[in-house]
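The values are calculated or read from the model by the stated rules, or taken from the named source; none is laboratory data. In this text, all values refer to a predicted model and were calculated from it rather than measured experimentally. Quick reminder, even Gly has a Cβ in these numbers, built from the backbone with ideal geometry, and neighbours come from all protein chains shown. All accessible areas refer to the heavy atoms of the entire protein, side chains included, with ligands and DNA or RNA removed. Shrake-Rupley method; radii C 1.70, N 1.55, O 1.52, S 1.80 Å.
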Amino acid sequence: MSQPSSSSSSRTSPTALRPLSTSLGSLKRSDGSASFSFGNLESLASVNAPVEVRIRDELTDRATLEVLFQPLQGVPGIPTKTFTSSLQTLFSSVLLLHHHPRSLVQLVIQTTSSPSLSLPTTTTRWSTSSRRDSKDDQGTPQPPPLLLGPDNPPTPTEKAAAINASSLALLDAGFPARGTVAACACAVLERRRGRSIRRSGGRQGFGGGETEVEEEEMDPSSTIILLDPTPEELELAISTHVFGFLFYGSEPSKEDDTLSADLVMNESVGPVEYEDYLEAMDTCRQGAKSVLGFMRKAIERRHLSPSSGQGGSRGV
Amino acid sequence: MGGVAGLGSDRDLTIACTGESIASSQTFMRGHGSYLDQETSSILSSVCGTVERVNKLVSVRPVRTRYSPEVGDLVVGRVTEVGPRRWKVDIGSKSDAALLLSSVNLPGGVQRRKLESDELQMRNFFQEGDLLVAEVQSIFHDGSVGLHTRSLRYGKLRNGSLVRLAPVLIQRLKSHFLTLPNAEVDIVLGLNGYVWVAKHIPFDVTKAEGEASGKGIGMDIDGVYSDVNEEIPIHVRRSISRVSHLLKLLASYQLPISDVIVQKAYDFLHSFSSENLVGG
């Protein structure tokens with residue numbers, strides 16, 4: 001069972017998540033908004049629903065769903081479009097769109113903070129730089145901001161954070177849905193490398209990591225699955241996976257005994273054995289359950305606090 | 001958090017999240033905010049909110065929803081579009097409301113007949129971006145809303161500023177036109193959460209009728225449909241600003257807005273010396 005660890009730099013278990021944090025209702029003009037982070041990877045989502053729809057987008061029997069994603073760097077291009085179309089499929093199956101025909105559900109997502117690799121490599125494809133002042137250990141100078149070129153595809157953890165933020169924003173907006181969606185990413189690494197990265201708390205990864213060598217680790221084809229991978233772990237991964245699950249059916253008072261989890265989203269990159277794939281799905285399901293518990297507590301806290309941000313906003 | 005739906009816990013409050021099972025469909029009927037899961041034949045919540053049970057009916061009331069209009073509601077809206085013989089007005093609900101040309105008072109008398117020239121010059125009455133106060137006349141079968149301004153108190157809004165609050169905080173009152181005499185400020189409480197705070201202008205029926213009748217048939221649009229603000233003195237501007245901040249403050253603590261509460265709050269505020277107040 002994965003538990004969020006206390007400090008982001010000292011995760012030792014392969015199934016530990018980075019510290020989760022969320023903030024609900026930060027955007028006052030939206031019907032619903034939420035930010036969600038895995039450690040220092042943060043995503044912000046805003047929902048306006050149901051609102052007036054343009055005649056050409058109108059559907060007579062259901063609400064039109066519009067998903068817009070803004071990458072951290074670059075202008076939205078083909079990789080962004082691929083991701084939004086996958087989110088479209090995901091949320092069309094989760095939201096009860098037939099309850100509000102001839103209206104629009106507008107979901108806008110943006111990655112607001114993404115950790116970068118501490119040692120940039122020539123093979124990296126996901127070199128996004130952090131917007132905030134990151135505590136860069138090596139003192140590497142940040143690449144110049146505001147590249148107006150094509151965007152990079154979002155990393156698997158970015159995708160998972162975006163899905164979680166969207167799910168929370170939709171809950172905040174109160175649009176009817178079949179259940180709550182939670183997502184988690186994982187990476188499949190060589191067992192030796194994966195263990196050494198996690199054991200050293202993420203500090204060591206590019207070396208051999210010669211700690212105690214167990215028999216199973218001698219086999220180069222044996223693999224390990226790391227949940228919520230950091231950029232370093234993604235760099236060394238053989239394959240990466242994002243799984244999104246729809247949770248429904250539990251009693252409000254009991255824990256997840258009767259909780260059902262349906263797989264509603266999956267994107268995998270890289271070669272993977274079937275057993276490893278099933279194990280990855282299972283690990284991510286456990287991770288998503290932890291995320292779900294965290295999300296539910298955040299929603300409860302918001303509803304029970306006296307000034308839960310429902311204040312007025314000045315009209316234009 | 002709380003007990004099983006229906007049973008009272010010490011807080012007597014059950015919060016359900018989307019997808020949580022709240023009752024069995026064998027014993028309960030499902031209401032708003034819930035749906036039926038075929039396989040387990042249990043009722044699941046489709047929104048996040050508090051579970052309400054009335055006899056055999058279980059429903060979930062979401063914490064925040066958009067305003068849903070009902071016939072007879074007084075609303076403040078902003079014109080978004082000018083169409084053939086009607087305007088589209090944003091009232092903060094699921095879809096924009098329609099204000100038909102036949103539902104407004106045309107200058108030249110309340111009984112003046114609609115001319116073809118009126119249809120062609122609709123922007124002389126309301127343009128995109130204008131604020132107006134109207135009443136919900138009807139809800140059409142497809143869910144869209146029709147407004148009317150067929151009263152001398154309704155129509156275009158001037159001389160003030162708009163405050164947007166959560167619609168659930170506005171109580172239904174006998175009259176939604178309030179006055180704060182010591183502030184010289186008029187307040188229009190729209191049930192959709194849009195509140196208009198303006199300079200006080202005493203409402204005089206005969207004068208209003210005179211304005212509405214205009215100077216004969218034709219396109220005399222002075223008076224009721226004028227776009228020009230009157231002169232607003234500095235102390236009234238300060239009052240408008242203070243009352244706006246006061247309303248936003250009350251709303252941020254989820255306090256319901258009514259004439260009594262606003263009057264009391266402003267009196268309390270007014271009892272401090274005006275030099276010490278910030279936000280003037």
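For the set B:ASP130, A:ASP282, solvent exposure ranked by accessible area (probe 1.4 Å, protein chains only) runs largest to smallest as A:ASP282, B:ASP130. I'd like the antiparallel share, as a percent to the nearest 5, of DSSP beta bridges with both residues in the range B:26-94. Antiparallel bridges make up about 85 percent of those DSSP assigns within the range B:26-94. Over 23 Å between C-alpha atoms is what I'm after, so list which of B:LYS88/B:LYS156; B:LYS199/B:LYS248; B:LYS88/B:LYS174 land there. Those over the limit are B:LYS88/B:LYS174. Two tests apply to each whole DSSP H helix in chain B, Cα reach of 20 Å or more along its axis and mean Kyte-Doolittle hydropathy of at least -0.5, and the ones passing both are B:234-252. Could you list which residues have their amide H under 5 Å from that of B:VAL47, counting only those 5 or more apart in sequence or on another chain, with H placed in the peptide plane? For B:VAL47, whose amide H was placed from the backbone, the distant partners under 5 Å are A:ALA177, B:GLY19. With a/c under 1.5 counting as rounded, go ahead and sort chain B into rounded, prolate or oblate using the C-alpha gyration tensor (a ≥ b ≥ c being the square roots of the eigenvalues; past the cut-off, prolate if a/b is larger than b/c, else oblate). It comes out oblate by the Cα gyration axes. Dividing the helix sum by the residues of chain B, where each DSSP H run of 4 or more adds -39500 (n - 2.57), gives a mean residue ellipticity at 222 nm of -5000 deg cm²/dmol. Separation of the alpha carbons by more than 31 angstrom is noted, of B:LYS56/B:LYS264; B:LYS56/B:LYS94; B:LYS94/B:LYS264, for B:LYS56/B:LYS264; B:LYS94/B:LYS264. Spatial offset of the range B:50-98 relative to the range A:58-87 amounts to 27 Å, using the alpha carbon center of each.
Under 5 Å from the amide H of B:GLY190 lie the amide H atoms of B:VAL76, B:VAL195, B:TRP196, each residue being 5 or more positions distant or on a separate chain, with H modelled from the backbone and absent for Pro and chain starts. Packing here is the average count of other Cβ atoms within 10 Å per residue, and on that basis the peptides A:225-236, A:83-94, highest first, run A:225-236, A:83-94.
Ordered from highest to lowest accessible area with the whole protein assembly present and a 1.4 Å probe, B:ARG86, B:ARG123 read as B:ARG123, B:ARG86.
Amide H contacts of B:SER144 (H built 1.01 Å from N, in plane; Pro and chain starts excluded): no residue 5 or more places away or on another chain comes under 5 Å.
Which of B:ILE22, B:ALA166, B:PRO107 sits closest to the plus end of the dipole of chain B, meaning its Cα is farthest towards the positive end, when Lys and Arg get +1 and Asp and Glu get -1 on the C-beta? Toward the positive end, the furthest listed residue is B:ILE22. Accessible surface comparison of B:LYS174, B:LYS56, probe 1.4 Å, protein chains only, largest first: the order is B:LYS174, B:LYS56. Report the local net charge at A:HIS100: Lys and Arg +1, Asp and Glu -1, summed over other residues whose C-beta lies under 13 Å from its C-beta. Once all neighbours under 13 Å are counted, the net charge is -1. Note on A:LEU96 and B:SER41: their simple-model spin labels are 2.0 nm apart, each label 7 Å out from Cα toward Cβ. Local charge for B:LEU255 was computed over the other residues whose Cβ lies under 12 Å away, with Lys and Arg +1 and Asp and Glu -1, and equals +2.
Partner shielding of B:18-28 amounts to 5, given as the average count of beta-carbon atoms from other chains within 10 Å of each residue beta-carbon. Here the dipole of the range B:66-157 is about 240 debye; that uses its Cα centre as origin and unit charges on the Cβ of Lys and Arg (positive) and Asp and Glu (negative).
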